[in-house]
Amino acid sequence: MFSPGGSPRINCQLLYKHIQELTSNDLRKRKTAAERSMIRLGITFNVYGEQEGTERIIPFDILPRIIQGEQWSWISKGLKQRIVALNMFIDDIYHDQKILKDGVIPEHVVRSASSFRPQCVGLNPPHGIWCHITGTDLVRDGDGQFYVLEDNLRCPSGVSYVLQNRQLMKQTFPGLFEAQFVRPVDDYCSQLLDALNYLAPEHIEKPQVAVLSPGIYNSAYFEHSFLAQQMGVELVEGRDLVVRDRRVYARTTKGLRSVDVIYRRIDDDFIDPQAFRKDSMLGVPGIMDAYRAGNIALANAPGTGIADDKVIYAYVPDMIKYYLSEDAILPNVPTYVCWDDKQRDHVIKNIADMVVKPANESGGYGMLIGPRASKEEHAKFVELIKANPRNYIAQPTLSLSRAPVIIDDHLEGRHVDLRPFIIYGRDIYVLPGGLTRVALRKGSLVVNSSQGGGSKDTWVV
Amino acid sequence: MLSRVADSIYWTSRYIERAEAVARFIAVNLNISMDLSTAGNQQWGPLVTTTGDNEMFSETYGEATKRNVIEFLTFDRKNPNSILTCLINARENARSIRERISAEMWEHINRFYLMVKDEGDAEGILDDLHDFYDAVRNSGQQFVGVTDATMTHGEGWHFCQLGRFLERADKMSRILDVKYYILLPSPQHVGSPFDDLQWAALLRSASAYEMYRQRFGRIAPQNVVDFLMLDKEFPRAVLHCLTRANESLHAITGSDIEGFTNLPEQRLGQLRAEFAFTSATDIIGRGLHEFIDDFQTRLNSVGESIGTTFFSLQPV
C-alpha cells in the first residue's frame, strides 16, 4: 500500500484518505461488524481433529490490498502462459512423455512422484484440458517483483472467500466502491459453470453438472457448498452417486438420474476405491471406469497433481521454454532440488537460511523455515533430506512483502501472499485479484488458514 | 431431487418444528404452574414423560425439579430432543443442503442456533424464561414464514411441509397429553375454575386461544379436544396437519390424492381418513391418552415408511 518512502502509492490514495478520516474506533467497529457478519452467515471452515465449536471464520482484515492495473495485466499474462504449459506437460506425461525423452526433466523425478497416476496413462480428457481450476500462489519480494511460490492444480481452495470478502467489503466501505475502479470478481461462478458445461459431450443439450464434496466435515465444505449454490448445480457426496454400465448416476427420490460433469473436490486417492485407495469411503466405486469410457467429465482431471509436486515445480520455466518456446513471464522462486547431489550439498550447507518443503504436503505442514528454526531442527531436517532427498526442495528465504493490517486499534505490517484463480475452459480466465492471505502472527511467514492465517480482499484497480 | 437432500430438508424442517414444540411444552407448564403455584402443586416430571425420555432424565438428573427439567429439555446436548440438540441437528442438516435452500433459510437457522446456544452459555436463564421460550417459538414460526416466502414450492418445499406437519401433528397430540398427565392425579378438578384456567393456558401455548374462542366461545374440555385434534382449518390442529402432509406427499409422487401408490401414502391416507370421520366424543370415550398413544405409534410408522421409500441410500 505504501511506497518505500512511506507515502501511499498512487492508486491507494483514495483509500488512504478514507482511512485517515476514520477514527481507530471506527476501524475497529467496522472490522467487528464484518467478522460478526461472517459468523451470522456461517462463512466458516472446520478445523480438523477437534470437536463441536471448532468452526472458525478466517480472520478478515478490512484493509484491502491494492494491485495496480498494469501490474495485474502482466501477472495475468504470466499465469495464462504458465497454465497452458502446465496443461501441455500433464498431457505429455500421460501420453508420449516427450519432455522426458528429450531430457528436459529427468525421468526418475516424474516416476517417483507420489502424485503420478499410472491409471491415467493414455486418457484423453475432453478438449485435452486437465487442469480446469488452478490456484497459483504468488509472493512479492522486497524488490517488488512477483514470484510463483507454488501451483495448486488438484483442489485449490479459497475462491469462495475472495467472493465473500468482496461482499463484506461492499458493506464495510460502500463509498469507496462508487469512487474507485475496482475490477469486479462476481463473474467467477459463471465462468466456472461455462467451463464445466464446456466439458460435457456435445450432444447433451443441458448437461447435468455437480460439485463432488467429501461432505460437511471437510475443511473446505463451505466452499463446495457455496460454489454449487452460486452455479445452481447439485452438490453431491460419494454416497449420492452410483456407477452403472460405466455411467454415473445420482440417487434421487424418483430413481437414478444421469450426471455428465463433476467438479470434484475429493483427492485422486479417495475418488474411486476401485482405482485408487481401497479403503476410501468418500468416493464413487467405478467412476474412473466411467471416466475412461468418456461418460463423465471430471474437473480437475485425475492425475493433474503430477504438475504440483514441488520438485516438478522447479522445472516449470523449462516446460514453458520447451512447449511454448517462450521465456517464463512470471519467475519461480529460486529452488534447489535435493535429489541432485550438488544442490543438496548447497542446501545442507546453508540450511539456516533456507525454507525447506516436502514435495507433497500442503497447508504449510512439514516445513522448515531456516532462519526461525533452532539448531536441533536444522539437524533434524538435514537427516530428513538425506534419508529421502527426492521428497525435499529448498528455497532461499525471501523478504516477503508486507501489507498493513488492523491490529487492535492501529496498523501493523504483516507478511502476505496472493492466490489468484485461473479457469481453463474454452478460454482461460484469470480472476482479477485473488485471495490475499495474511500471516497474522507478528513476523510469521506462514499464511495458511489451517495455521491461523487471515485474509484480505484484493483490489485490482 | 437427491435422496440425501430430500432427507435433509425433511429433517431440517422437522427439527425446527420440534424445537418450537418443546418450547411450547415448557410454556404450557410455566403457564399452568403459575396458576397452581399458590396451591404448591407444581409438576415438572410429567413433562419429561410426554417427550418420552424418562429413563435418560432420571439417570442424569434424578429429581424432576423445575430447574432440572428445563435444563434437560432446553440445553442438554446429550438429550436428543432438547431444543439445543434439535437446533444443532437442524443446522447440520441445513448446512449439508445450503445450496438447495434459500440463503435466508440458512441464515435464519444459523441465527436461531446461535441465539439458543448463547443463551445456554449465559448465566441466569431461569430469570427470563418467558421471553426466551417466546423467542424460540417466534423463531420457529419465522422459519416457516421465511421458507414459505423464499423457497420454490417444488419437491424440496413439499418435503419441508411433510416433515413439519408430521412433527406438528405428533407434538400437538403430546401437548394435549401434558394436560392429561397433569390432571391425572386430581380428577376432582375436572370442571373446576382451575380446570378452565389450565385449558386456557394450554390453548395459549398452542397459539390457539383466540381461534378457539371464535369457534366455540366458552372453554369446555371436549371442545378443546375437538378443536386441537379435529379442526379442519386451524393450522395447528392434528387433522389439518395430516391433511396438509398428505397433500404434500401426493405432490411429491404426483399420484391421485384419493388413492395410494406406495406405503407412506397408504398409511397416512388411512390415518387421515380416521381422523376425518371421528368425533371428540369418540376420542374421549376411548380415553384421550390411549387414543394419542395409538395415534403416535401409527404416525411413527408413516415416518418410517417415508424414510424407506424416499431417503434410503441402500445400494441400488
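The values are calculated or read from the model by the stated rules, or taken from the named source; none is laboratory data. Keep in mind that what you see is a predicted model, and the values were worked out from it rather than measured. Quick reminder, even Gly has a Cβ in these numbers, built from the backbone with ideal geometry, and neighbours come from all protein chains shown. Heads up: the accessible areas ignore ligands, DNA and RNA and are worked out on the full protein's heavy atoms, side chains in. Shrake-Rupley method; radii C 1.70, N 1.55, O 1.52, S 1.80 Å.
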Straight-line reach only, C-alpha to C-alpha below 12 angstrom: list the aspartates and glutamates that A:Lys98 could link to, leaving out same-chain residues fewer than 8 apart. A:Glu107
Which value, in Å², gives the accessible area per residue of region B:153-315 when a 1.4 Å probe is used on the protein heavy atoms? 43
Paramagnetic reach from B:Ala273 in region B:199-232 [backbone N under 20 Å; point 7 Å along Cα→Cβ]: B:230-232
Based only on the alpha carbon positions, what is the Kirkwood hydrodynamic radius of region A:336-396, in angstrom? 11.1
Using a 1.4 Å probe on the protein chains only, how many percent of the accessible area of region A:336-396 belongs to carbon and sulfur? 51
Which of the listed residues, A:Ser160, A:Val109, B:Trp157, is farthest toward the dipole's positive end in the protein assembly as shown, when Lys, Arg count +1 and Asp, Glu count -1 at the beta-carbon? A:Val109
Explain nothing, just the number: relative contact order of chain B, from Cα pairs under 8 Å at least 6 residues apart, as a whole percent. 23
Of all DSSP beta bridges in the protein assembly as shown, what percent run antiparallel (nearest 5)? 75
Taking the Cα centre of region B:153-315 as the origin, how large is its charge dipole in debye, to the nearest 20, when only Lys and Arg (+1) and Asp and Glu (-1) carry charge on their Cβ atoms? 420
Full-stretch length increase - B:Ile284, B:His130 - with 0.36 nm per residue and alpha-carbon distance subtracted: 52.3 nm
Select from region B:192-282 those GluC sites (Glu not before Pro) which occupy a DSSP coil region and have at most 13 other Cβ atoms within 10 Å, ordered by residue number. B:Glu233, B:Glu258
Cα convex hull of chain B: how many Å³ per residue? 138
Which values of log₁₀ I(q)/I(0), to two decimal places, follow from the Debye formula for chain A at q = 0.07, 0.12, 0.13 Å⁻¹ with a uniform point scatterer at every Cα? -0.37, -1.11, -1.30
Can you send over the carbon and sulfur percentage of the accessible area for chain B, probe radius 1.4 Å, protein chains only? 49
Return the FRET efficiency for the residue pair A:Asn360, A:Lys29: r is the Cβ-Cβ distance, R0 is 60 Å, and the value is rounded to the nearest 0.05. 0.85
Projecting each Cα onto the charge dipole of chain A (Lys/Arg +1, Asp/Glu -1 at the beta carbon, about the Cα centre), which of A:Thr458, A:Leu199, A:Gln97 comes out farthest on the positive side? A:Thr458
Span-like helices, chain A: DSSP H, alpha-carbon axial extent 27 Å or more, mean Kyte-Doolittle -1.0 or greater, which ones? A:69-93
Accessible area, probe 1.4 Å, largest first, for residues A:His224, A:His410: A:His410, A:His224
Of the listed pairs B:Lys78/B:Lys171; A:Lys321/A:Lys456; A:Lys310/A:Lys342; A:Lys321/A:Lys375, those with alpha carbons more than 30 Å apart are A:Lys321/A:Lys456; A:Lys321/A:Lys375
How big is the charge dipole of region B:201-285 about its Cα centre, in debye rounded to the nearest 20, if each Lys and Arg gets +1 on its Cβ and each Asp and Glu gets -1 on its Cβ? 420
For region B:1-151, with +1 on Lys and Arg beta carbons and -1 on Asp and Glu, the positive-most of B:Pro80, B:Asn31, B:Ile97 along the dipole: B:Ile97
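Please compute the length gained on full extension between B:Lys78 and B:Glu247, using 0.36 nm multiplied by the number of residues separating them and subtracting their Cα-Cα distance.
57.3 nm
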Nitroxide proxy distance, nm - points 7 Å out along Cα→Cβ at B:Arg111 and A:Gln68: 4.4
Plugging the Cβ-Cβ distance of A:Lys77 and A:Asp245 into 1/(1 + (r/R0)^6) at R0 = 60 Å yields, to the nearest 0.05, a FRET efficiency of 0.85
So which chymotrypsin sites (Phe, Trp or Tyr not before Pro) in region A:188-283 pass both tests, a DSSP loop state and at most 16 other Cβ atoms within 10 Å of the Cβ? A:Tyr217
Just subtract the alpha-carbon distance of A:Asp141 and A:Ile204 from 0.36 nm times their residue separation and send over the number in nm, one decimal. 17.9 nm
What spacing in nm lies between the two simple spin-label points modelled at B:Ser102 and A:Thr397, each 7 Å away from Cα in the Cβ direction? 5.4
Return the distance in nm (one decimal) between the two label points of a simple spin-label model at B:Gln222 and A:Ile329, each offset 7 Å from Cα along Cα→Cβ. 8.7
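How big is the A-B contact in terms of buried accessible area, both chains counted, 1.4 Å probe, rounded to the nearest 100 Å²?
2600
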